[in-house]
Every structure is written in structure tokens, then in C-alpha cells.
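Working notes for the structure below.
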Amino acid sequence: MLELLQFPIMQRALIAALLVGLAAPAVGTFIVQRRLALLGDGIGHVALTGVALGFLTGTAPVLTAVVVAILGAVAIELVRERGRTGGDVALALLFYGGIAGGVLLIGLSDNGSNATLMSYLFGSISSVTTQDLWIIGALSAGVLAVVAIFGRELFVLCQDEEVAKASGLPVRFLSLLIAVTAALTVVVAMRVVGLLLVSALMVVPVAASQQLTRGFRTTLALAMAFGVVATVGGLSYTFYVNVAPGAAIVLLALAGFALALGVGTFVRRSRTRESTR
Amino acid sequence: MSQQTVFAMTGGQVSLEGRPVLRGVDLSIGSGEVVAVLGTNGSGKSTLVRAMLGLIPLSGGRTELYGVPPAKFRDWRRIGYVPQRLSVGGGVPSTIREVVASGRIARQRRLRPTSAADREAVARALVTVGLADRAGDPVHALSGGQQQRVLIARALAGEPDTFVMDEPTAGVDSASQLHLAETLATLVREGRTVLLVAHELGPMEPLVTRAIVLRDGRVVHDGVPPQPVGVHALPGHEHVHPHAVSPECGPLTWEPGPPASKEVPGA
């Protein structure tokens, strides 16, 4: 079993998977609490333009993706803040623009191809270099630090924005902070599961976790555990069976959700039976 | 107690999506007052209190919190806001204790762990609303009335001087309404300022010292409630009298019993 640890490629991939498994559900818990489960998808679409821009200009795609993803996240947050009317349509326009822009720019660049595009859309964890690992490590640490430092305030914000305002919290700053953190997470997770499946890692472990928990803190902790099991487990599976790691990771997470749903339903039912006895 | 002005609004106007909701409201509320904002649906009650907190921008006039415009107000620990609906639902479960503890946020600093004072205040708030034994339960499993108590406990946990409650009795069963009236009586005894929005007062009626009636975004009555407080303020005291301040009554149909303590500006 431990033979997979002997390959440097696999070592790097596993570390990346571990970091992403921790960071994505941590941000995801706040995003789901705020009922913005699809925010990660939106940012992922926009980030594709960033990746393509990197190829076109000869800069590292991860860096351009970070910049464009942050700009996209801020734009999404501003649209959301402005009001409900037409907000979802405006977001949809942004998503399509992101995908189309990415495909167009990749086509214009000399060193980009459909294959490189695919590797960003669906992940290419086996091609993670040591330098990538440093970037992923720093970004993950940043994401986890945001959750640790601002978690208490973000909890109030994601519960009720008006109460946050009436408590004197910097609502605008915190809203942008969570959007930017989500953008960073998308870029971190992009190498592991790909832009199209990024959001799954932010949402599915949280959805699985809340089947079994009663509180926010425990949901957050369990979601991070689920995330690590899914990313590390899914990746290890692809060492033995030749399938795309991103797909294996997301399907494992979904299987975890189905299991948690079953267990949670069973536990709740027996609890109700106890209390009515 | 020296009468400090907590809320002061002059010529307050609010438009929501181009529709005028408040059409020039002048209002001043001093510390220690227990004020009920009454009116029918759509009369602008909620909008008024949310505008006074700076949650909705004014399209005209000005409003102040403790003498400062809301945008420049920094002393938010003095305010405890109980919103109308329970948005605690969120997408993720939270325990009662977690929600109540979040009411301490205005008193906490970043990177400082939860203090013993925080924990004691949360425990006291839970006892006050009668949910201490259920602190670990998820909020979404509670009834509407119990969820309302959680929101009130969250405001209590912050130990503010002034409570702003938006429809605390809406959709609440009569047992929880009585409980709410008892909690309110405690706050009144402690000399806190209370501003509450209500469709009907129910068991809270004897505690209210001043009623403001809104109609179509204007104050149509501002003064003492129809009956003096005194013995009526005692919890559990039941009395029957004609409801002189019904949402329908205006300045012409309303006949004051005791002399009004406040002038009615703009009415």
C-alpha cells in the first residue's frame, strides 16, 4: 500500500491533495452557510480566462489565474451586493464570459492546446512541480489563516448580514474577504480536481458533514476531514487504476455524502423514536 | 436617570426600489423608554427601525444613534438588534449556543479567545430565555417561537443598553409570547431602552411606555399608550380595556386618555 509514497511525483501530488482537502471545505462551510454554494463554480469559470491569459502572455498560468479569479470574485460580490434584481443573470453572463474568454485566448496563444486546456479544466495533479507545491502550500496556509482569524466574524456575517452590520462588523471588507478567499481556494484546487470540479470540493464535504452534525464548528471540522479523505483517497486510487484523479476524488466525496445521508437519517430517526417513547 | 437621546430622526425619508416607504419621520427616543412602533403591514414599521440603525440608507433627512450618524457610529456594543426572521437557517446547522454566543461579537477582539465573561453572558442569556437545557441542539430543529427566543438571547448576550426588536411576536405561540413579555419586563426593570416593532402587543402591552403608530410611512400617533402603566406593568396582570391605539386609528379618530407626554411632530 505504501509503495505509492516512494514516487516523488506521487509524494508531491499527495501533499497537494492533502492541502486542498483541508482548505476547500473550510471556505466551503462559510460559503454554504451564506447560501452561495455555486460561488466556487462561478469563480472557476472566470479563472479559466486567467489561465488562458497566462499562456497567451507567457506568464505562469497559476499567477494570472489568481489575479483574474480575484477580480471575478470581487465582481460577483459587487453584483450580489447591489441587489437581487437581475443578479443571477448578471452572474450567469460572467460565467459564460469566463469560459468563452478562456477558450478563445487559448486558441490565440502559441503554446496552448486543447490538451493543456483539458488539464486545467479537469486537473493534472500528477504534473505538480515542487514550485507549484510551494504556491499551493502558501495559498492553503493563507486560506486557513483567514478562517482562523476571521472565523468568528464570518460566522455572524454568513448568518445574517444586517445583524453583522448592527454589530459594527466591517461587512463590506468581510464580504470581499470571503470572496477573495474563495478565489484563492479555486486556484489552489484547480491543479488537483480541475476548474470544472473545484466547487464540488467546497460543497460536497460540507453537505456530507452536515448530515451528521448539529453545530457549525463540528460541521467545519468534519467537512475538512471528509475533504482530506476524499482527495487523498481518490488520488491513491488513481495510483492503482488509471482514471482521472479529479473525477475519482469528486465521486469519492459524493459516495461519502450518500453514506453520511444514510447514517444521518438513521440516527435522526432513532433519536426521534427515543424522544417520543 | 438622565435622559440621553438614543435615537433621533428628523425628516427621515426612505425609498425602496423607487417606492417611498417613509415620508418624513421626526422621532426622538430617550434612554429608558420602552417604545412600540405599531401599524399595519406595509406602513413602514420595519423600514423605520432598520433606517434608524443605518441598515437602510435614508433618501432624505437624517438620523442619529446616540448623537452620531449610523455610518460614523462605533459603539455598537450598546445596541442589540433582534431581526424579524430567523436567517440563522443558513445552509449549515448551528447550535443554539453558537448562535447566542455570536451576540458577543461587538465586544470581542480579533485573535482574542472567548473569555470567561463571554461564556457567563451567554449562559445568562440562555437562562433568561429558558433554553439553557437545549444549548447544544441545532437551531433549525426549534419551533418559530423558540427560534425567536434564540434571537433575543443573542441580543441579550451582547449586554447592550438598547434593544431593537423587529416583530418579536410575529408567528410566535402564546407560551413564547408570555415568555417574551417576562424577558421584556426584566429589561425594563434594568432600565434598558427598548424599541420594538409589533403588529399587536399582546402580553407586552402593559410594559410599553410609548406607542408610535405609522400609516403610509408617516407618524400618525406618538404618545403614551391608552392606559397608564403602574400596576398594569406587573407580569401576569390581566386587564381588559378598549384598544384605543389600533392600527386603524388616526390623529382624528384617536381620543387620548391621559395627556400625551410627547408632542407629535409632523402629524
Self-check item: Estimated inter-spin distance, A:Arg35 and B:Leu178, nm [label 7 Å along Cα→Cβ]
Solution: 3.4
Self-check item: Among A:Leu252, A:Thr116, A:Ala141 the positive-end extreme of the charge dipole of chain A (Cβ point charges)
Solution: A:Leu252
Quiz item: Hey, with R₀ at 45 Å, roughly what FRET efficiency would A:Ala145 and A:Val241 work out to, going by the Cβ-Cβ distance, to 0.05?
Solution: 0.80
Quiz item: If one computes the Cα centroid of the stretch B:1-76 and of the stretch A:209-277, what distance in Å separates the two points?
Solution: 47
Exercise. Only Cα pairs under 8 Å and at least 6 apart count here; give the relative contact order of chain A as a rounded whole percent.
Key: 31
Quiz item: Among A:Ala23, A:Ala179, A:Leu195, whose Cα lies farthest out toward the positive end of the dipole of the stretch A:2-196, if unit charges sit on the beta carbon of Lys, Arg (+1) and Asp, Glu (-1)?
Solution: A:Ala179
Quiz item: Of B:Ala198, B:Ala157, B:Ala117, whose Cα points farthest to the positive end of the dipole of the stretch B:59-199 (charges on the beta-carbon: +1 Lys, Arg; -1 Asp, Glu; origin at the Cα centre)?
Solution: B:Ala117
Practice problem: Please report, largest first and rounded to whole Å, the three semi-axes of the ellipsoid equivalent to the protein assembly as shown, where each semi-axis is the square root of five times an eigenvalue of the C-alpha gyration tensor. | Solution: 52, 26, 18
Exercise. Determine the dipole magnitude for the stretch B:14-152: charges of +1 sit on the beta-carbon of Lys and Arg, -1 on that of Asp and Glu, nothing else is charged, the reference point is the Cα centre, and the result goes in debye to the nearest 20.
Key: 380
Practice problem: Mind jotting down the three principal axis lengths of the stretch A:2-196 based on Cα atoms? Whole angstrom, largest first. | Solution: 53, 41, 22
Practice problem: Take the Cα coordinates of the stretch A:98-184, assign each an equal point scatterer, and use the Debye formula without solvent to give log10 I(q)/I(0) at q = 0.16, 0.18, 0.20 Å⁻¹. | Solution: -0.81, -0.88, -0.94
Quiz prompt | Average partner coverage of B:155-166, which counts Cβ from other chains inside 10 Å | solution = 1
Quiz prompt | Using a Förster distance of 22 Å, the FRET efficiency for A:Ala138-A:Thr59 (Cβ separation, nearest 0.05) | solution = 0.80
Exercise. Would you work out the charge dipole size for the protein assembly as shown about its Cα centre, treating the Cβ of every Lys and Arg as +1 and the Cβ of every Asp and Glu as -1, and quote it to the nearest 20 debye?
Key: 780
Self-check item: Shielding score for A:201-207, defined as the mean number of other chain Cβ atoms within 10 Å
Solution: 1
Self-check item: Antiparallel %, DSSP beta bridges [both residues in the protein assembly as shown], to 5
Solution: 55
Quiz item: Nearest 20 debye, what's the magnitude of the dipole of the stretch A:1-140 about its Cα centre given +1 on Lys and Arg Cβ and -1 on Asp and Glu Cβ?
Solution: 360
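Any read-out appearing in this document is the output of simple, stated calculations on the displayed coordinates, not a laboratory observation. The shown structure was predicted, so the numbers you read here are calculated from the model rather than taken from an experiment. Positions of Cβ are generated from backbone atoms using ideal geometry, with glycine treated the same way; all protein chains shown enter the neighbour counts.
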